[in-house]
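*Asks:* Questions regarding the structure given below will be posed in turn.
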Amino acid sequence: MNFKISALTIIACILLTGCSNGQERPQEKAEPANAPDQQAQQSPQPAQPEQPAPPAPQTPPKNGQLLLAFIRKGLPEKDFSNFSLASFNNGFWHTMDVSYRKGENLALFELAPGQYLFESGIRNKNGEVYMILKPADVKPGMQTKMTINLDIPFETMTDAEKIIRPLETLPEIKTPAASGAEFDLHKTLETKTVVLTFLSAKEEPSVRMLPMIQAAVEKSAKQPLFVGIITGEFSDEELKKISADFKPGSVMITDPAGVIAKQFQLPRSETGAFTALPSVLVIDTAKKILLWTEGYDLNIETVVAKSLEE
């Protein structure tokens, strides 16, 4: 059966079927309904600045230590607790209520780093208070040591405070010295200041302090005379030993029965032994007692030297 296909029919077929020369018409790609949003999401975003890491937790600074050592007359002062401690905060000192560890003459504090102030007071014979204020800087992990001298400074003492007890009159001393020469206290004072010292030949305070007292005498511009009176009982060996410590030019007198010591009212125990040796007097040419101190005092050289400066 013969069909006649017109040109118009062929063109229509191509347009309807998309076929030409055996090629398929390309299909349009369907876009999902939300394609614009996805494109927006997939589009590159501006770079965000990096956030800094959170700071590491701060470790509080280590505590430090403040060690206080109390002394009186150059010797450890036991069980002293009449003091306070203040801390410096916001421009003011604040008294603290803080515990501490006690030693024989020590107080040990565990404190945060900072500035502190030691405060204490000492009363003189008249009941007047001498204040002691000492600053301390406590550093982390370190120990700050501070020595607290509980003596009232010689410069601040009144004449009455420098004398352990008053005497209405200065006793007479006329007696042979160990050298064999006669010693007359009042006659000697006409021309020389005298450092008169009552000593024990067997007790440590006297033996230890004797060189200190003489050191102050040797250094004085007044060129005073040192007179040592060995008081109370002693053996020949003890006397020989202590006499070896007397400097040339000094005077040594023995008073085993305490006759001279009694005139100066030296304190005694119930057994009759003198209890406050050494007893040290500095007497000037006006026969005025400038200093009279008794007992163990490792600051004696300084004390005697200052009295000789007056």
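The values are calculated or read from the model by the stated rules, or taken from the named source; none is laboratory data. Note that the structure is a prediction, hence the values are computed from the model and not measured. Heads up, the Cβs are rebuilt from the backbone with ideal geometry, glycines too, and the neighbour counts pull from every protein chain shown.
*Asks:* With respect to the numbered conditions (1) in contact with a strand residue (DSSP E or B) (Cβ under 8 Å, 6 or more places away or on another chain); (2) in contact (Cβ under 8 Å) with a residue 40 or more places away in the chain; (3) farther than 23 Å from Glu309 by Cα, which one is the sole condition not fulfilled by Leu239?
*Replies:* (2)
*Asks:* Still on this model: From Val138, Val98, which residue is touching a Pro at 6+ places or on another chain (Cβ under 6 Å) and of a type in the set (A, V, I, L, M, F, W, C)?
*Replies:* Sole residue among the options that is touching a Pro at 6+ places or on another chain (Cβ under 6 Å) and of a type in the set (A, V, I, L, M, F, W, C): Val138.
*Asks:* To continue, here is another question. Give all pairs with beta carbons closer than 8 Å in which a residue from segment 181-196 that is assigned by TED's automatic domain parsing to the domain that holds Thr285 and of a type in the set (Lys, Arg) meets a residue that is in a helix (DSSP H, G or I) and at pLDDT 95 or above; count only pairs at least 6 apart in sequence or on separate chains.
*Replies:* Going by the 8 Å Cβ cut-off, there are no qualifying pairs.
*Asks:* Same structure again: Which of the residues spanning segment 153-169 are farther than 17 Å from Ile283 by Cβ and either of a type in the set (S, T, N, Q) or over 45 Å from the mean Cα position of the chain (by Cα) (or both)?
*Replies:* Scanning segment 153-169 gives Thr156, Thr158.
*Asks:* I would also like to ask the following. Test of understanding: among Ala107, Ala86, which residue is of a type in the set (Gly, Ala, Ser) and closer than 30 Å to Ile164 by Cβ?
*Replies:* Within the list Ala107, Ala86, the selection yields Ala107.
*Asks:* Mind listing whichever residues of segment 170-207 are farther than 18 Å from Gly232 by Cβ, among the hydroxyl-bearing types (Ser, Thr, Tyr) and under 41 Å from the mean Cα position of the chain (by Cα)?
*Replies:* The one that is farther than 18 Å from Gly232 by Cβ, among the hydroxyl-bearing types (Ser, Thr, Tyr) and under 41 Å from the mean Cα position of the chain (by Cα): Thr193.
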